[in-house]
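To keep things clear, I will list the structure first and then write my remarks on it.
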4 protein chains.
Amino acid sequence: MSFNTFGHLFRVTTWGESHGPALGATVDGCPPGVALDAGMIQTWLDKRKPGQNRHTTQRREPDEVEILSGVYDGQTTGTPIQLMIRNVDQRSKDYGNIADTFRPGHADITYYQKYGLRDPRGGGRSSARETAARVAAGGVARAVLGQLLPDLHILGYMVQMGPHHIDRARFDMDEIARNPFWVPDAQAAEDWAKVLDTMRSDRNSVGATIEVVAKGLPAGIGAPIYAKLDTELAAAMMSINAVKGVEIGAGMDAAALTGVDNADEIDMGAEGPEYRSNKAGGILGGISTGQDVVVRFAVKPTSSITTPRESILRDGSPNSVVTKGRHDPCVGIRAVPVAEAMMACVLLDQVLMQRAQTGVAGPVGVIG
Amino acid sequence: MSFNTFGHLFRVTTWGESHGPALGATVDGCPPGVALDAGMIQTWLDKRKPGQNRHTTQRREPDEVEILSGVYDGQTTGTPIQLMIRNVDQRSKDYGNIADTFRPGHADITYYQKYGLRDPRGGGRSSARETAARVAAGGVARAVLGQLLPDLHILGYMVQMGPHHIDRARFDMDEIARNPFWVPDAQAAEDWAKVLDTMRSDRNSVGATIEVVAKGLPAGIGAPIYAKLDTELAAAMMSINAVKGVEIGAGMDAAALTGVDNADEIDMGAEGPEYRSNKAGGILGGISTGQDVVVRFAVKPTSSITTPRESILRDGSPNSVVTKGRHDPCVGIRAVPVAEAMMACVLLDQVLMQRAQTGVAGPVGVIG
Amino acid sequence: MSFNTFGHLFRVTTWGESHGPALGATVDGCPPGVALDAGMIQTWLDKRKPGQNRHTTQRREPDEVEILSGVYDGQTTGTPIQLMIRNVDQRSKDYGNIADTFRPGHADITYYQKYGLRDPRGGGRSSARETAARVAAGGVARAVLGQLLPDLHILGYMVQMGPHHIDRARFDMDEIARNPFWVPDAQAAEDWAKVLDTMRSDRNSVGATIEVVAKGLPAGIGAPIYAKLDTELAAAMMSINAVKGVEIGAGMDAAALTGVDNADEIDMGAEGPEYRSNKAGGILGGISTGQDVVVRFAVKPTSSITTPRESILRDGSPNSVVTKGRHDPCVGIRAVPVAEAMMACVLLDQVLMQRAQTGVAGPVGVIG
Amino acid sequence: MSFNTFGHLFRVTTWGESHGPALGATVDGCPPGVALDAGMIQTWLDKRKPGQNRHTTQRREPDEVEILSGVYDGQTTGTPIQLMIRNVDQRSKDYGNIADTFRPGHADITYYQKYGLRDPRGGGRSSARETAARVAAGGVARAVLGQLLPDLHILGYMVQMGPHHIDRARFDMDEIARNPFWVPDAQAAEDWAKVLDTMRSDRNSVGATIEVVAKGLPAGIGAPIYAKLDTELAAAMMSINAVKGVEIGAGMDAAALTGVDNADEIDMGAEGPEYRSNKAGGILGGISTGQDVVVRFAVKPTSSITTPRESILRDGSPNSVVTKGRHDPCVGIRAVPVAEAMMACVLLDQVLMQRAQTGVAGPVGVIG
């Protein structure tokens, strides 16, 4: 219904179905005068694009973005930016047999119960294809952030696939872009390739955990009480398909800590406060501390598997479901660029809000 | 700044500081004709009220709610409901020494960096006292839900304190209201009392995990894509003070599962679809399945501890901080009724949204 | 900036510039299951389309709408509806000489002062071409209203062109569609054609007043205090290009009335209350009475005229401006279908809001 | 329902009924660090306060504002400001006989039809008493505007009472505060006093037109397309009780003008563009030009009159209504400070929005 928009001042409305003619994002609230062209957005879309290796869906979508408005002569105009991506490879016959079946773990059944409709061509609006539009919008957000906060860097990567965690001792940022899993651990990349091959031959799939970090965000960003930075990030990540949990900093493990252990003690550094640890994930009271902002989220295993699962048909009769089609054995992989895009959008939105209301009565809090 | 409101149609704006004259909630969007009086709201506030046993802060606040508008003759009028709670026991002298200190783990430092102000009387708006207003608003939501969905029950309880988990085999719903920890396990209640006593004598504090369950929510509730039921619940819980992680259903553990294990298989029951398991936590594609909606969140240990922690003063000079005052050794305890209230508000909001747009063109999806 | 959306539950975001590749509307919040196809929307666009007679701009735009999402198999799906209209006849060379000139009465100067940009191709986002997107969105709203309120009729028409008023004694609803001015008075249509011919030969233009009436709206629609039905209609009409005044019922003339004359006395009719007059324009306290809802608004004369007007260039030097291009001598004419579309969107939005919150605690107020 | 809030970044939610214990405004989005105390707000409330002369209602409300949150030590903190005004003189017995009567011209009937409720104590939420909360919120807006735009002045005054217009040749700004009508024409003040005395003895009432002007607003303020400055002002004024029409600049008279006459020609002045006239009312394309922003609106005559008017009872039976109580013979008088407050809120909101998004990529458009 009318909740396909996120953001307060940098507002993104995504539209389009998995098997319709096109999908896209209407981006409202982009400041004027920022350098932007389709190529800058395409870079990020290419990162998410399916079919780039054997570990993601073999659906062949070029995901070419067209800018229909809001940019003139290589600059944003301050008016809505319409980003359109044509669907090309909608092999809806793959889905021919699902029109009356409710696939376990899919939104088929709840969409039907809510809207009274089944799109026999596939997941429709609940498909992860919708996230292409988010990545495109994230490209706009990054262009603006590049202008406002040149030192800000947003980086997502996988830290767990199924029960297999990365080894933080082997953490190598440069490794992330070298493997199909966006994993900062060369050994894990190698191991996980085998895990996925096994999953595929087992007609099974596997979950994952992704971490997204923003480096270089200044202190003071965040809008208490109900648009706290962590609140907004939690909502942004939870809105991504298949996500079941979101953590900031110490996350769920914070429950097991004591106050003495959890305190991020503070020293005065050359350029401001410095923290001895980052249990808080860079956010206190919903406002950034200036440390790395650290978000993690868990993605459930792909529900589309070719192992039969018991379910029912629309008429209530029992039905054993095997979901064919071209599906990712680990949807977590393609969630990485999506999560980066969502973080970019949230941070820009928060920074714009900050600009609106601070400094009205003079400079804000300076320490030291 | 202007983000002290949550909800789309049932909109709650909380206001007030920990040490100001009063705090409260402005509730807009409450349907007319619903039975409501101050006593119905007071019931829930009393549950959250501090100082009821030795395990929560000894600040003595009666937390008496006054309804200033929106209710006439025991019924809601459809106009804004103003709920006011006077602060009574603001012993701000307890905080006399914190005006220039940044307490590790507190929002002192980030509020100062954002707003340029320090409230020397205590946590101001970032204090957990703000949650009293949420509980009051939740009382209104529950009254309306009672009318719309008489079979809906919302129940929160602690499942972990520090490293100590409940034993699910001993789960006893009736136990929850009998102990100061809202824990459904009598043995845990006994053990945890000792843990907390130790924490206090150690000048330390401890984290916790809370689970909140909604039973009896019909299928079809939730507003994709960016106001999904799980998205809204994640935001609601993450907005509560000290929360660092939120999970739906299998939560972070979903990452370790395979697709075969994660599938909640479906049978046709007498009254509709029945699921053999609930890894999804009652939500698929952001829409309720009709199963229990299961949310969990982790609360970090209280940052206010009397063990000294290293920090800095406003001028940047180093300072060892001991936070006196009357603080909960485990803030997770009082988060239980707050989380219930937040869930009530989110569910009502989603149900109202559902009423707006469904059934326009006839009945929605019926199965069987 | 981020204010290209209107509506609360039926949300319309228009996008696109006068001389860009396309423009359109992203419609979020349309209920599912409503019959809709491009033809139903095209009907309304054709009514607004320029170049249909000698009295409107000779720019030849087919204004063909393409539905890119949200409709499947002739029915709305409840997901965002993307409506795209390609620009075809952008003769931007017409505007070659305006890049550095500020045309009196145009938004050139204020857009430049706000955004720091000039689009040398024409009015960009401030052009009345944006209203094509509104008309398309209005077509969606009408389809839904047809389902919800089959007896509702929305009709706009001109009542004044320059100093020339219609003769209410000659009011003939059937005449409206027969003349290029949407005027319900055959004699006026004939006279005004001559007025416009004179205007054109005089290198001048003329203002107009439009009236829009909704018949068949039930009593009880409207959302006090700040989304009153009249408030929303005033905002909707004032947002149309060149509008300088909006009236409800007696409008500005209400100032001259006495309380005795202004009272719309009430009788009990067979189907509910009946009013002896309609000074209120069908709205009391922001809520519909069940009478005709009557809105009027004034459109200023087209600012693009070929009579030279004094102005300045971007560098501040004086410049006499003659605005060439293909402009309507009376923009009020094409405002008629736009105003109808805006009213359709506002009424649907209000009706959806009404559905959300009434009847929760039983039937609402019945009279008699 | 949930529409008791206005503003985008400076958000005001008013609450409270005419005969409840209190009313007020929750102001969210006020920047921190601005000097503010109750006295600064009281100044504006005193201007609106009823019973100050024989021409306004004799209800004796001290309208004393209490600041419950958001201000500490004489400065705003950036958190919500709760402004409460206790009702003191609720003589609801005056209304004893109206519980089952629908008063012509009042919202009694439509509120009943919408909400199913009658508040037998008076107009409830539809009473003009609600506007006291707006005036209080406007006081906050003025404090912030004083910091941001020290040269901005907002001034409202009556220009018409019943059929009697002021003589613009006698316009004297200093006269406004000297008479009970806020009229800038000493002779009109004298004449109108007699008109009102006659109205009262005739058991009648009279309408009015108010003009509100903002001087000193810089060019470039306004948020196209659907939060244009004129759109927002139109909505703000139309939301005030009894308003039936709103005009910007030339207003409804713009319809009768030609393009040649309507063009506000531009010269280059010492400090920027200067306009030879102000038909546009200081707004082009929804954005301020730097000229005076000029808004006018018509208020209908008070519907509460002691001349009997025909109506019906709740059961549908006929009833002749005489509205006793303590009512203003010309509600337009007290609308003056309300309109000023609304303009202050709208302008601040627009200025804050402007701060968010401009200057991201360098300075915006400079002329000359």
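With helices as the sole contributors, chain C gives -8000 deg cm²/dmol at 222 nm; each DSSP H run of n ≥ 4 counts as -39500 (n - 2.57), and the sum is divided by every residue.
For chain C, the residue among C:Val336, C:Asn87, C:Tyr72 whose Cα projects farthest onto the positive side of the dipole built from Cβ charges is C:Asn87. Taking other C-beta atoms within 10 Å as the exposure proxy, C:Asp315, B:Asp191, C:Asp264 rank C:Asp315, B:Asp191, C:Asp264 from fewest upward. Among C:Asp174, A:Asp328, B:Asp119, the ranking by other beta carbons within 10 Å of each residue's beta carbon, starting with the fewest, stands as C:Asp174, A:Asp328, B:Asp119. Computed from Cα positions, the angle between helix C:229-238 and the longest principal axis of chain C comes to roughly 10 degrees.
Which angle from 0 to 90°, rounded to the nearest 10, does the C-alpha axis of helix B:131-148 make with the longest principal axis of chain B? Around 10 degrees separate the two axes.
For the range D:351-368, the Karplus equation 6.51 cos²θ - 1.76 cosθ + 1.60, evaluated at θ = phi - 60°, returns couplings of 5, 5, 4, 4, 4, 5, 10, 9, x, 4, 10, x, x, 8, x, 10, 10, x Hz by residue, with Gly and Pro reported as x. The simple Förster model, with R0 at 60 Å and r as the Cβ-Cβ distance, assigns C:Glu271 and A:Thr43 a FRET efficiency of 0.40. Here, P(r) means the percent of Cα pairs in each 5 Å bin from 0 to the largest distance; for the range D:90-204 it is 2, 9, 13, 11, 13, 15, 15, 11, 7, 2, 0. Compactness ratio for the protein assembly as shown: Cα radius of gyration over 2.2 N^0.38 Å (N = residue count) comes to 0.89.
What is the order of B:Arg54, B:Arg200, D:Arg48, fewest Cβ neighbours within 10 Å to most?
B:Arg54, B:Arg200, D:Arg48
Put simply, the amide H of C:Gly156, placed in the peptide plane, has neighbours under 5 Å in C:Val213, leaving out anything fewer than 5 places away on its chain.
The mean number of partner chain beta-carbon atoms within 10 angstrom of a residue's beta-carbon across peptide B:339-348 is 0.
Counting only Cβ charges, +1 for Lys and Arg and -1 for Asp and Glu, the dipole size of the range A:5-358 around its Cα centre is about 1420 debye. In order along the range A:302-309, the Karplus-derived 3J(HN,Hα) couplings, from 6.51 cos²θ - 1.76 cosθ + 1.60 at θ = phi - 60°, round to 3, 6, 7, 10, 9, 7, x, 10 Hz, and Gly and Pro are given as x. The simple Förster model, with R0 at 56 Å and r as the Cβ-Cβ distance, assigns B:Ala35 and C:Ser320 a FRET efficiency of 0.20. Applying a DSSP loop filter and a limit of 12 other Cβ atoms within 10 Å to the GluC sites (Glu not before Pro) in the range C:259-347 leaves C:Glu271.
Annotation: for a label point projected 7 angstrom from Cα along Cα→Cβ of C:Arg168, residues of the range C:177-221 with backbone N closer than 15 Å are C:184-185, C:210-213.
By how many degrees, between 0 and 90 and to the nearest 10, does the Cα long axis of helix D:186-201 differ from the longest principal axis of chain D? Compared with the principal axis, the helix lies near 20 degrees. Ranking D:Gly162, D:Pro150, D:Ser205 by how far each Cα lies toward the positive end of the dipole of the range D:150-210 (charges on Cβ) leaves D:Ser205 at the top. Inter-chain neighbour count for D:213-221: the average number of beta-carbon atoms from partner chains within 10 Å of each residue's beta-carbon is 2.
Residue-normalised convex hull volume from the C-alpha trace of the range A:5-358: 152 Å³ per residue. Across identical copies of the chain, D:Asn53 has label-point separations of 5.3, 6.6, 8.2 nm, listed in ascending order, with the point defined 7 angstrom from Cα along Cα→Cβ. Label positions at D:Ala177 and A:Ser201, each projected 7 Å from the Cα along the C-beta direction, are separated by 8.9 nm.
Normalising by residue count, the range A:116-165 has a Cα convex hull of 130 Å³ per residue.
Taking all Cα pairs closer than 8 Å and separated by 6 or more residues, the relative contact order of chain C comes to 21 percent. Taking every residue in B:265-274 and counting other chain Cβ atoms within 10 Å of its Cβ, the average works out to 5.
A short reminder: the numbers here are calculations on the coordinates, not readings from a lab. Please read all numbers here as calculations on a predicted model, not as lab measurements. Heads up, the Cβs are rebuilt from the backbone with ideal geometry, glycines too, and the neighbour counts pull from every protein chain shown.
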